[in-house]
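All remarks here apply to the structure that follows.
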Amino acid sequence: MHQFSLPHADSFAAIRQAARDRILILDGAMGTMIQTLNMSEEDFTANGHIHGPGCRHTSDHPQKGNNDLLVLTQPQAVEDIQLEFALAGADILETNTFSSTTIAQADYGLEGAVHDLNVAGAQVARRAADRATAQDGKPRFVAGAVGPTNRTASISPDVNDPGYRAVTFDDLRVAYGQQIDGLIAGGSDLILIETIFDTLNAKAAIFAAFESFAKAGKRLPLMISGTITDASGRTLSGQTPTAFWHSVRHARPFTVGLNCALGADAMRPHLAELSGVAETLICAYPNAGLPNAFGAYDETPEQTAKLVEVFARDGLINIAGGCCGTTPDHIRAIAEHVAGHAPRRIKETANV
């Protein structure tokens, strides 16, 4: 694997030192907050016009629900949400780019907008981070969010043809590379490959990240986060947390962890397993419990925070945040509850 100099040396040194001193805080659910704004199709398309080269909009591709598009059409709304999370205690802000690949944006006819979406996503998050730092003097960091796409490289979507794949490794590698190029160009401090349900997808994203780092001439720290999909304690592609770690450890990630799918209570045993084997920092950001019959999350900030505090009390984590259903109030409560606990200690290695 290529060797690169670390990027943003000052910011990486700062976040590495901060992670040694205390449990850092990741932000919460952008989608949950966007839903509270009750935006219309016109809001998503900026009154019928999508800005930026490569953007197109037709009646065949309604955009409502394409939350990533808002970094172009409603950037102030996204920035304000990220500012709320930062002022609630988040040290790391995720870009609003979870679905900003050509594969995911094909559903909206916006494959050509991918570079703009990722550059703008990083720039909007950076503005929010800088505004928060200007208010309280605490440094913030931007994690370029790379979602799993809506396709899986390991599993056939056709039960009658188990050998069929809807996407190839190279399809994913190219799509992730385009995304990560944009996130780097926009000024991300880290790259977060998250909500991994298929480790082969994650491997394509890791491969693409190193290709992008080579083009940019700098390596950004990688955060890698899998998701356990049910009580079996495995990812959708069948790996236990231990197997998942051994599949991605070659990337020497800054953090590895779990997010989404489960609330903190159900996540704990899987997180404990991962924490027991991983030779790097652990990041956990669970949902606010499990969704109710209407798809909403009922767990209060105090309930979520008390459960996440157990992770901290037991020495399992270095970074904590929230996934689906978590608001700035959840993040504030998590920050308060873990503040008195020391971060998980690991062996000193070159990437930590």
*asked:* List the residues, sorted by chain then number, that are 5 or more residues from residue 145 or on another chain and whose placed amide H is less than 5 Å from its amide H.
replied: 95, 97, 192
*Mind jotting down the three principal axis lengths of segment 9-338 based on Cα atoms? Whole angstrom, largest first.*
53, 52, 48
*Starting at 0 and stepping by 5 Å, how many percent of the alpha carbon pairs of segment 160-284 end up in each bin?*
2, 11, 21, 21, 19, 13, 9, 3, 1, 0
_Could you sort the peptides 80-91, 285-296 by per-residue average Cβ neighbour count (10 Å cutoff), highest mean leading?_
80-91, 285-296
*Calculate the dipole size of the chain relative to its Cα centre from +1 charges on Lys and Arg beta carbons and -1 charges on Asp and Glu beta carbons; express the result in debye to the nearest 20.*
1240 debye
*Mind listing the phi-derived Karplus ³J(HN,Hα) values for segment 313-321, rounded to whole Hz, using 6.51, -1.76 and 1.60 with θ = phi - 60°, and x for any glycine or proline?*
4, 8, x, 9, 10, 10, 9, 10, x
*Could you go through segment 249-259 in sequence order and give the Karplus-derived ³J(HN,Hα) for each residue, using 6.51 cos²θ - 1.76 cosθ + 1.60 with θ = phi - 60°, rounded to whole Hz, and x for Gly and Pro?*
5, 4, 6, 6, x, 5, 9, 9, x, 9, 8
*Percent of alpha carbon pairs in segment 100-229 separated by more than 26 Å?*
25 percent
*Tell me, how many Å apart are the Cα centres for segment 198-244 and for segment 280-324?*
21 Å
*Taking the Cα centre of segment 122-240 as origin, sum charge times position over the Cβ atoms of Lys and Arg (+1) and Asp and Glu (-1), and report the length of that vector in debye to the nearest 20.*
500 debye
*What list of ³J(HN,Hα) values in whole Hz, one per residue of segment 195-206 in order, does the Karplus curve 6.51 cos²θ - 1.76 cosθ + 1.60 (θ = phi - 60°) give from phi, with Gly and Pro shown as x?*
6, 6, 9, 10, 5, 5, 4, 4, 5, 5, 5, 5
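Any read-out appearing in this document is the output of simple, stated calculations on the displayed coordinates, not a laboratory observation. Predicted, not measured: the structure shown is a model, and the values here were computed from it. All Cβ positions, even for glycine, are placed from backbone atoms using ideal geometry, and neighbour counts span all protein chains on display.
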